[in-house]
Amino acid sequence: MSLTVKGGVSGVLADTTATGQVKCFLDTTQQVVTRQIFSDIPRGLVAGAISKSMQGYNLAVGTTFEPLTVASGATYPVINTAITLHLSSDATTDVYGSGTGAWVILVEGLTTGFIEVTETVNLNGRTAVNTVNTYLAINRIVVVATGTNLSNNGAIYIGYGGVTAGGIPNTGTLSAIAANENVSQNCVYTVPAGKTWEITLFSTSANAAGFIQLRTRTNLGLVYYDNTLPINAGPNVLPSSTTKVVPEKTQVQLWCKSAAGTMAIAAVFQGVLRAN
């Protein structure tokens, strides 16, 4: 049975076909959704909309706020002009064509004007390899080709400022892939130009009590501390009766800290990215 909705007299139902189709006449201000839209979106059935999640974790968060990324650090780089970045691994075996680990990384980011760009980069172990594009922000990096181990042997970094002898960026790390995981897990996302991100559900899980803090920066402007909330040990789910709308050219960062000692914490934002 399918449900057809029309404007008209409220509360009138009628079986109009031999197949059992029902027409429901409602006030024009009312709506009935006949399919679950969040099931249709990931299947590509809603024009101009895709599912877009943001997730990250850190196994050793201290008592000072830090961005929730797999690359621990007390700061997150602030970039005002699109720049060339470089990729490296902290393992010597993540080398294109010969290593047993990761060979090729797909980079997804935003360049001047917050325009989406992608490229692939061939790794050279602990030696930095520059990107072709320039970037204002990195939204994801993914291993797309490997050697016999089928995953990255070491942590993969994308950043700037050169690298240490161990392959870790000297200055700024915008995104990272933990060893063996093949995809970055960092709670930092920048909305492209011409799109809006609607956050529909947010959840965390931690092994100790602590605090989370949402930070936003729009169009290369000031960073705002949007929400600071305490969380308990265990799962914390924060559903909303209305979506949180994040406009184009806005970067969202989730920061966290432990109430005492260190804590392991993971978080997931679920939402929909729509064309404006």
Just a yes or no: is a residue in the stretch 12-33 under 35 Å from the mean Cα position of the chain (by Cα) and modelled with pLDDT of 50 or more? no
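Look at T173 and say whether it is farther than 30 Å from A91 by Cα, touching a residue at least 24 places away in the same chain (Cβ under 8 Å) and hydroxyl-bearing (S, T, Y).
no
Kindly provide the set of residues from the stretch 220-239 that are outside any strand (DSSP E or B) and either in contact (Cβ under 8 Å) with a residue 60 or more places away in the chain or surrounded by 14 or more Cβ atoms within 10 Å (Cβ to Cβ) (or both), ordered by number.
Start the filter on the stretch 220-239 by keeping residues that are outside any strand (DSSP E or B), which leaves 220-222, 232-233.
Listed by number, the residues that qualify are L220, A233.
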Output the residue which, of all residues in the stretch 178-206 that are part of a loop (DSSP other than H, G, I, E, B) and among the polar types (S, T, N, Q), is surrounded by the fewest Cβ atoms within 10 Å (Cβ to Cβ). N180
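Every residue in the stretch 56-91 that is among the small types (G, A, S) and either surrounded by fewer than 19 Cβ atoms within 10 Å (Cβ to Cβ) or in contact with a helix residue (DSSP H, G or I) (Cβ under 8 Å, 6 or more places away or on another chain) (or both), please. Before the answer, list the steps.
At the first step, the residues of the stretch 56-91 found to be among the small types (G, A, S) are 56, 60, 62, 71-74, 82, 88-89, 91.
Result: A60, G62, S72, G73, A74, A82.
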Residue that is nearest to N152 (Cα to Cα), among those in the stretch 70-100 that are part of a loop (DSSP other than H, G, I, E, B) and touching a Gly at 6+ places or on another chain (Cβ under 6 Å): D94
Any idea which of T112, T131 is buried (at least 18 other Cβ atoms within 10 Å of the Cβ) and over 30 Å from T204 (Cα atoms)? T131
Quick test of your reading of the structure: T118 fulfils all but one of (1) in contact with a Gly (Cβ under 8 Å, 6 or more places away or on another chain); (2) crowded, with 17+ Cβ neighbours inside 10 Å; (3) free of Cβ contacts under 8 Å to residues at least 40 places away in the same chain. Name the failing condition by number. (2)
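Of the residues P247, P235, which single one is in contact with a strand residue (DSSP E or B) (Cβ under 8 Å, 6 or more places away or on another chain) and farther than 16 Å from G56 by Cα? Spell out how you get there, then give the answer.
Details: P235 fails: farther than 16 Å from G56 by Cα.
P247 is the lone residue from the list that is in contact with a strand residue (DSSP E or B) (Cβ under 8 Å, 6 or more places away or on another chain) and farther than 16 Å from G56 by Cα.
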Does V245 count as free of Cβ contacts under 8 Å to residues at least 60 places away in the same chain and either on the phi < 0 side of the Ramachandran plot or in a strand (DSSP E or B) (or both)? yes
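The values are calculated or read from the model by the stated rules, or taken from the named source; none is laboratory data. Just so we're clear, the structure is a prediction, and the values are computed from it rather than from any experiment. All Cβ positions, even for glycine, are placed from backbone atoms using ideal geometry, and neighbour counts span all protein chains on display.
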